[in-house]
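Worksheet for the structure shown next.
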């Protein structure tokens, strides 16, 4: 951009005149817009919900339409972990480590009955974690066994709404569970 | 080979064997002491030629513990189910078949892990899924775990 055009920018002039307050809210809006429309999920699935998550990512349902885009194979590059499937006691420390390795801001979606509450393994089982919220803070719960791709899409949109409510001036009011 | 002649051939090797009725496959209950000998002959005899152990499962019948072998012949295209049972719940043990079908090595470790069934002469009998320091055998009917299990 040439310096002449830069100085003619009407928005910058508006910012200059309004003394800073408008700028703060605008940063919120820009950050939330950017974060909520570019949520990168972690490649993580432990059972049949994972198949449904793959279907959601594939061309028929295609959650790239909603800005939840590329599966990242590393937790350091991922924004959201979709816990798709049963978490057994042996897997629990691995899940916790993956969550800890993700950089903030990080979000968690519990997909399916197993991740929400232990699901069909709630009774008479010796090895299943009764809901991932016992290990990591969960933002969105999606019921179903497994949920249909439409349900996952709805859950993702709910997460995006939560992200859009965030403000950098009052982090304590954040609705994202991992921020508290 | 059809089921009748299969049964006759197995009865030749183990006369004490009994057939269980109304099963999908030909199911034969043999005494535990004769198991390894029978398995070896089933593998090496040319007309039987059972070269493929499909699955090896532990079973808890309440009073008895059992191991079920699903064995198939790719050459002869026939399948048979062999069962062995024991009343000893404290120290149940059978002879290993891992020297005959190598795949049994992991299957027997699983049966040991979940049911506590020991296999004599197994090369590496230790837990396969659960932690090394796990107490008890969780797929047994009398397994109690007051911390983790929520009774229905």
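Restricting B:118, B:89, B:102 to residues that are surrounded by fewer than 20 Cβ atoms within 10 Å (Cβ to Cβ), touching a helix residue (DSSP H, G or I) at 6+ places or on another chain (Cβ under 8 Å) and modelled with pLDDT under 95 narrows the list to B:118.
Across the range B:138-152, the qualifying residues are those that are at the interface with another protein chain (Cβ under 8 Å from one of its Cβ atoms) and out of contact with any helix residue (DSSP H, G or I) (no Cβ under 9 Å at 6 or more places or on another chain), and the one among them that is nearest to residue B:103 (Cα to Cα) is B:143. Just one of the numbered conditions (1) part of a helix (DSSP H, G or I); (2) over 30 Å from residue B:144 (Cβ atoms); (3) in the same structural domain as residue A:80 (by TED's automatic domain parsing) is not true of residue A:137: (1). For the range A:154-180: of the residues being under 16 Å from the mean Cα position of the chain (by Cα) and part of a loop (DSSP other than H, G, I, E, B), which is nearest to residue A:106 (Cα to Cα)? Across the range A:154-180, the extreme among qualifying residues is A:176. If you go through the range A:74-110 and keep only what is closer than 23 Å to residue B:149 by Cα and either assigned to a strand (DSSP E or B) or under 12 Å from the mean Cα position of the chain (by Cα) (or both), you end up with A:83, A:84, A:88, A:110.
Please go through the range B:34-62 and give me each residue that is in a helix (DSSP H, G or I) and touching a residue at least 60 places away in the same chain (Cβ under 8 Å), ordered by number.
Matches in the range B:34-62: B:35, B:36, B:39, B:40.
Restricting to the range B:100-137, name every residue that is closer than 15 Å to residue B:57 by Cβ and at the interface with another protein chain (Cβ under 9 Å from one of its Cβ atoms). Once the filter is applied, which keeps residues that are closer than 15 Å to residue B:57 by Cβ and at the interface with another protein chain (Cβ under 9 Å from one of its Cβ atoms), the range B:100-137 yields only B:129. Scanning the range A:64-73 for residues that are assigned to a helix (DSSP H, G or I) and within 19 Å of residue A:110 (Cα to Cα) returns a single hit, A:66. Here the range A:114-137 is the region considered, the condition is being buried (at least 17 other Cβ atoms within 10 Å of the Cβ) and in contact (Cβ under 8 Å) with a residue 40 or more places away in the chain, and the residue that is farthest from the other protein chains (Cβ to nearest Cβ) is A:136.
Can you name every residue in the range A:45-63 that is free of Cβ contacts under 8 Å to residues at least 60 places away in the same chain and either within 13 Å of the chain's Cα centre (by Cα) or not in a loop (DSSP other than H, G, I, E, B) (or both)? The answer is A:45, A:50, A:54, A:57.
Among the residues of the range A:149-164, are any farther than 18 Å from residue A:34 by Cα and within 14 Å of chain B (Cβ to nearest Cβ)? There is no residue in the range A:149-164 that is farther than 18 Å from residue A:34 by Cα and within 14 Å of chain B (Cβ to nearest Cβ). Checked against (1) within 30 Å of residue B:143 (Cα to Cα); (2) within 14 Å of the chain's Cα centre (by Cα), residue A:37 meets all criteria but (1). Going residue by residue through the range A:140-153, is there one that turns out to be at negative phi, in a loop (DSSP other than H, G, I, E, B) and touching a strand residue (DSSP E or B) at 6+ places or on another chain (Cβ under 8 Å)? Within the range A:140-153 (the criterion being at negative phi, in a loop (DSSP other than H, G, I, E, B) and touching a strand residue (DSSP E or B) at 6+ places or on another chain (Cβ under 8 Å)), the answer is yes, since at least one residue qualifies.
Just to be sure, is residue B:90 outside any helix (DSSP H, G or I), within 18 Å of residue B:1 (Cβ to Cβ) and either in contact (Cβ under 8 Å) with a residue 24 or more places away in the chain or out of contact with any strand residue (DSSP E or B) (no Cβ under 6 Å at 6 or more places or on another chain) (or both)?
No, not satisfied.
The values are calculated or read from the model by the stated rules, or taken from the named source; none is laboratory data. Everything numeric in this text was worked out from a predicted model, so none of it was measured. For neighbour counting, all protein chains shown are included, and Cβ atoms are generated from backbone atoms with ideal geometry for every residue, glycine included.
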